[in-house]
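One structure is given here, and the rest of the page talks about it.
Rule-based calculations on the coordinates, nothing more; no lab input. In this text the structure is predicted, and so the values were computed from the model without any measurement. With ideal geometry, Cβ positions are generated from the backbone for all residues, glycine too; neighbour counts draw on all protein chains shown.
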Amino acid sequence: MQIADNTAVTIHYTLSNDAGEVIDSSIGEEALVYLHGAGNIISGLEKALQGKAAGDKFNVRIGAEDAYGEYSDEMVQVISREMFEGIDTVEVGMQFHADVSYGPGVVTVVNVDGDDITIDGNHPLAGEALTFEVEVVDLRPATEEEIKHGHIHGAGCDH
Ligand SMILES: [Zn+2]
């Protein structure tokens, strides 16, 4: 069996940036299970996994455009402190879920200047090329329900 659309895929992965720093890894933790072809993982990694079989190990470097996107200056905005209703102290590094002009997402406070708060809605890994070291652990056909839902059911599923 090879990875194709509607396959439930279990992988172990280690993710690092071009500086060689490990950003995230499933090694020693639970393997990642995802539904192939449903956009559950970044597009560049999904493409690299297409056609692979259980037991395959490979490395792939994925450019920012196929990972978390290019860094966009438009996603950096200065907003008024009044927007942070009910929050006493706004500090650099705080993260909020917000509905901003480009849609809902997580924003990070990057500067505080009096009542002017600068927020950055870029993904923390935007603009970075990412290298994945991947081991395909297991494959099975997804169930009809999983395909309908667009994700895999099992441990950690809340319905
Ligand atoms: Zn579901």
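Label-to-label distance, residue 106 versus residue 92, with points set 7 angstrom from Cα along the beta-carbon direction: 2.0 nm.
Label reach from residue 151 (point 7 Å along Cα→C-beta): in the range 7-24, amide nitrogens under 18 Å belong to 7-11. Computed with the Debye formula from one identical point scatterer per Cα of the chain, without solvent, the log10 of I(q)/I(0) at q = 0.12 Å⁻¹ comes to -0.67.
Summing charges over all other residues whose Cβ lies under 9 Å from the Cβ of residue 131, with Lys and Arg as +1 and Asp and Glu as -1, gives -1.
On a full-extension model of 0.36 nm per residue, what is the gain between residue 54 and residue 85, subtracting their alpha-carbon distance, rounded to one decimal in nm?
Fully extending the segment from residue 54 to residue 85 adds 6.1 nm.
Here the sum of -39500 (n - 2.57) over DSSP H runs of 4 or more residues, divided by the residues of the chain, equals -2000 deg cm²/dmol at 222 nm, to the nearest 500. Among 140, 61, 81, the residue with the largest mean-square fluctuation in a Gaussian network model of the chain, with springs joining Cα atoms closer than 10 Å, is 81. Potential lengthening of the chain between residue 144 and residue 4 amounts to 48.9 nm, from the contour at 0.36 nm per residue minus the alpha-carbon distance. Between the residues 92, 68, 40, the greatest Cα displacement towards the positive end of the dipole of the range 2-159, with unit charges on the Cβ of Lys, Arg, Asp and Glu, is found for 40.
Basic side chains Lys and Arg get +1 at the Cβ, acidic Asp and Glu get -1 at the Cβ, and with that the dipole of the chain about its Cα centre reaches some 800 debye. Here each label is just a point 7 Å from Cα along the line to Cβ, and for residue 77 and residue 137 those points are 4.0 nm apart.
Projecting the Cα atoms of 80, 17, 137 onto the charge dipole of the chain (Cβ charges, centred on the Cα centre) puts 137 farthest toward the positive pole.
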